[in-house]
Amino acid sequence: MTAPYFAHPTAVVDAPAQVGAGTKIWHFCHVSAKAKIGARCIFGQNCFVADDVSIGDNVKVQNNVSIYTGTVIEDDVFLGPSCVLTNVSNPRAQVLRHSLYERTLLRRGCSIGANATVVCGVTVGRYAFIAAGAVVTKDVPDYALVMGVPGKQVGYMSRHGYRLTPPGKDGLWHDSVGGYRYKENNGVLSCLDLDEEKPLPATETQGSVSWEEARALRNRR
């Protein structure tokens, strides 16, 4: 029987790992037996998925990423090249803490940049954006843009992955490219034009505006 997913001949998928239809697992990856992976995911070269990891649909994992026990990844998450996830806050080679793995939750649509580190035990909110090289040590709100070491919130990002323009007279945050409006209430940002649990319309899933063009549009507001 043909598997509903693709695995490169150099990849190892231990039975009975659950892998959804249309998922692609590329060179030198290892998926452990108790892992659960959704549909239409992509794993670049040299990725590892440990036992009891749960991964949703349409998750993109770039090269050299290890996802350890205790990690829960919702739909539409992006993990950049060589980003780091952990599962023990105080590791020691001489002390076994296999029963004490900490939970890390990456919520729907968030992006973890290249070489960023997410210290275990935190939640990264929906559509949050962790910049390349940042170190996340605490929970991250929905849509938050986090940069630096240790990571600090410096703004908000849109559903489309562009930095939001701060509120004007209307009190709303604006995406100069996607056009969506966002409202902050008691430190929680939400989109007024599309529910957070709904995917982007198919007509909006193909990028057409570069980062430089988006920055110019934002500066003109």
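When you look at residue 212, is it touching a strand residue (DSSP E or B) at 6+ places or on another chain (Cβ under 8 Å) and not aromatic (Phe, Trp, Tyr), yes or no? No, not satisfied. The set of residues from segment 96-112 being in contact with a strand residue (DSSP E or B) (Cβ under 8 Å, 6 or more places away or on another chain), surrounded by fewer than 19 Cβ atoms within 10 Å (Cβ to Cβ) and more than 13 Å from residue 68 (Cβ to Cβ) comprises just one member, 105.
Computed from the coordinates by the stated procedures, all read-outs in this text should not be read as laboratory data. Every value quoted in this text rests on a predicted model; they were computed, and no experiment measured them. Quick reminder, even Gly has a Cβ in these numbers, built from the backbone with ideal geometry, and neighbours come from all protein chains shown.
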